[in-house]
Amino acid sequence: MGGYLLSFACYFQLLCLSLQTTNMNGTMKKRWSMLVAMLLGWVLTSSAQPADTIRQRMDSLQRELHAMKVKELVLQNRLDENGRSAKEDSLRKAEQKQRIDSLRKITPGVPLVVEGDTLLYIYAALGGDDPSHRVEAVQRKVMQIGKSLKLTTDTMHIFSSEYTDDVMCGEVVILSVSDYDGLWNGMSRRALAEEYLKILSLEIERLHADYGLKAKLTGLGWAIFLIVIQILFFMLTARFIRYLRRMVLEGFDGRVKPLEVKGYELMNIHQQKRILLFLTRLLQVFLVLVQLFISLPLLFSIFPETEKFTWNMINYVWSPLRDMVVSIVRYFPNLVKIAVIVYVVRWLLKGVRHLSDEVAVGHLKIDRFYEDWAQPTYQIIRIFIIAFTLVVIWPWLPGSESGIFKGVSIFVAALFSLGSTASIGNLVSGIIITYMRPFLVGDFVRIGDQEGEVVEKNAFITRLRDIKGNIVTVPNNSILSMQTVNYTAAVRHGKGSIVHSTFTFTYHVPRETVKSYLLEAADRCKLLQKTPKPFVLYTSLEDFYTQYEINGYTQEASRLWAVYSELHQNIVDVFSEHGLDPTSSHFVKVKNEV
């Protein structure tokens, strides 16, 4: 559909141009008829072709139509000159000017641009070259002549022929001016050539002054001078740095003391020397970079070929600094808002921290709020306050609305969510354990198969020290799924932790005798409490023996291994003292009586 519309637009536009043609002779009318017929056939056959192809053909037909229009104006001008009297010259010139103005509106000229300067415009074709090719040829010749390594350039002049006036430099034709060019510019061919001669002469002289052999020799001399000056500055800088290093090395002997704060030595003399020597090296690098930043642009700006490189090099350094300063100035009101919010939040966190410290040390009592909850609660409140602050100041951050900033934020969030699933689970479990209070730091506990004293409890893990002195790390996520026994809690909230041990003995020995011996052994234990007293339970009656359980209270929950060892030792000693073998027989020998 787009091809049909574009084809129809092209046809309509060219048809309008053709209707503007008046006073044509027979030959011109035949040519116009053939062009319109060809255009109509082209529209019907190429309406389904791509838009780029249609545009190219339209441009080609427009150029051909404009050329025919110019030929028409020239022929009409000649007819006017032959068929009209001198009295009608003013009317003829007015009509001619009107035709040129109407044609100029629909035919843009091609500018001749040399190093950013627009010298002139060319509207008409010449021979087989359209205006664009003519401009390219003139530009190439002007640059070639102007940049030639000669002391002087050849003389610029005009050579007139039957059909053109040529603007020449020596034997080289730079630009040919035809009657069509004069018609487009509203002047004679000779006058237009003289005007072009002045413009091109000035441009070639300027180019030769910048790129000629004399300019190259002068620039080479200045370059050598700048290089020599820069080498001298390098030598002076090196000598200055050597002087500073010698002052550092010699000035420390007996004059400088170690840097101390409240008796603690922060930095000795040797370390201070190393830091100062490093600073002198940084100073040398800084001075060299400053000199290069000044000298290199000057060196490259001597020659026009490298002048653009000079400004590019300066922009590489200046543009980031300028953008940074502009960004700071532009975002200064937002930075003030952010600073005020951060300052208020900082004092708010200090207030919350003070309250948590008061609760932790017991100065501030809150009903049903334990002291060990103070620090974890403070950390949770702190995280929420910081998160809320980030949400508030996020729109005011520089670049927060850019797509790159948002993309990086999403990428970091995705990495955090995908790579920290186990960590988040341990964190949540740590918070739950903190407020459940199954154990505290210093308690002797059993978690699953591990027993030991709790030496550390944080948001992610819990560390135990077992009876062998080893540190066992248990993830908080697994603690919630395992059975936990706190031996120290019984000591802290009750009479003490009960130590018990199972003992079996045969039925041949009276029950009370075994009970008294077990109580005597428990009474000898220094790590068991005297009050409440130890007691014995009969836990099982087997086929050949009775199972006893000796129980005793102790406050040494963190030393249960020592309590059990002492109890077992005393049981063996007591039974040995009374001549009883503390064993249970599973087989009984029966005696036959006669």
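Just so you know, all these numbers are worked out from the coordinates, no wet-lab data involved. These figures come from a predicted structure and were not determined experimentally. Don't worry about glycine lacking a Cβ; one is built from the backbone with ideal geometry, like all the others, and counts go over all protein chains shown.
The table for this structure:
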{"item": "Distance violations [Cα-Cα > 25 Å] among Lys216/Lys308; Lys365/Lys530; Lys457/Lys526; Lys468/Lys495; Lys457/Lys530", "result": "Lys365/Lys530; Lys457/Lys526; Lys468/Lys495; Lys457/Lys530"}
{"item": "Region 285-327 and region 152-190: distance between their alpha carbon centers, rounded to Å", "result": "44"}
{"item": "Loop chymotrypsin sites (Phe, Trp or Tyr not before Pro), region 424-465 (other Cβ atoms within 10 Å of the site Cβ: 11 or fewer; DSSP)", "result": "none"}
{"item": "Region 125-198: GluC sites (Glu not before Pro) in DSSP coil with no more than 11 other Cβ atoms inside 10 Å", "result": "Glu162, Glu171"}
{"item": "Ranked packing of 542-549, 561-568, 514-521, 341-348, most packed first, by mean Cβ within 10 Å", "result": "514-521, 561-568, 542-549, 341-348"}
{"item": "Candidates per chymotrypsin sites (Phe, Trp or Tyr not before Pro) in region 194-245, loop by DSSP, up to 13 other Cβ within 10 Å", "result": "none"}
